[in-house]
Amino acid sequence: MSGRPASARWAQRKRARETALKLLYRCEVGRLDILEVVGALDTVLADEESPLDDDGRELAASLARGAWDARGPLDLRIGEASTNWRVERMTALDRQVLRLATHELLAHPETPPNVVLDEAIELSRAYSGEEAARFVNGVLDGILRRLRDEGRIVS
């Protein structure tokens, strides 16, 4: 990805996050194994207008696998940051957006936290609407504050 302009790299990363969300959603709703879903990545991407390059595909698969495999610890963090909402009562899509963003905050420190939050809010807005975007924003803000308090995120 490094040989292309930054805007093209960022567009690929944005699409990779969206693809990862779709993979996570398929796992949750279809009660499917993450390896099976990631293995069918071409099926998920078949309807897309602009394809992901190899780096984007790798990022999408990595983010989805990481968020799915760590969903227990991620859900604890999400639950601590959400007031009056148990994680299992959240919509499947909101839960996956929150897991994806929390995982990226923890496992990809090279990505600026404000980018992770902005992308998560945009995904939520695009797939669930404005109310969901506000909810995701509030929960992620709480998670980010706690991660900074713990010294896990310095910026």
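The values are calculated or read from the model by the stated rules, or taken from the named source; none is laboratory data. Fair warning: this is a prediction, and the values are worked out from it, not measured in the lab. Positions of Cβ are backbone-derived with ideal geometry, glycine not excepted, and every protein chain shown enters the neighbour counts.
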Suppose we keep only residues that are among the small types (Gly, Ala, Ser) and exposed (fewer than 15 other Cβ atoms within 10 Å of the Cβ) within the range 84-137. Which one would you say is farthest from Lys22 (Cα to Cα)?
Ala107
Which condition number in (1) crowded, with 18+ Cβ neighbours inside 10 Å; (2) more than 21 Å from Cys27 (Cα to Cα) is the one that Gly66 fails?
(2)
Got a sec? Which helices (runs of 4 or more DSSP H) wholly within the range 1-69 have at least 1 residues that are among the small types (Gly, Ala, Ser) and at pLDDT 90 or above?
6-30, 54-69
Restricting to the range 105-137, name every residue that is over 21 Å from Tyr25 (Cβ atoms), in a helix (DSSP H, G or I) and either touching a residue at least 12 places away in the same chain (Cβ under 8 Å) or of a type in the set (A, V, I, L, M) (or both).
Pro113, Val115
For the range 72-89, give me each residue that is of a type in the set (A, V, I, L, M) and in contact (Cβ under 8 Å) with a residue 40 or more places away in the chain.
Ile78, Ala81
For the range 70-86, what are the residues that are modelled with pLDDT under 90 and among the β-branched types (Val, Ile, Thr)?
Thr83
When you go through (1) of a type in the set (A, V, I, L, M, F, W, C); (2) modelled with pLDDT under 95; (3) assigned to a helix (DSSP H, G or I) one by one for Val154, which number turns out not to apply?
(3)
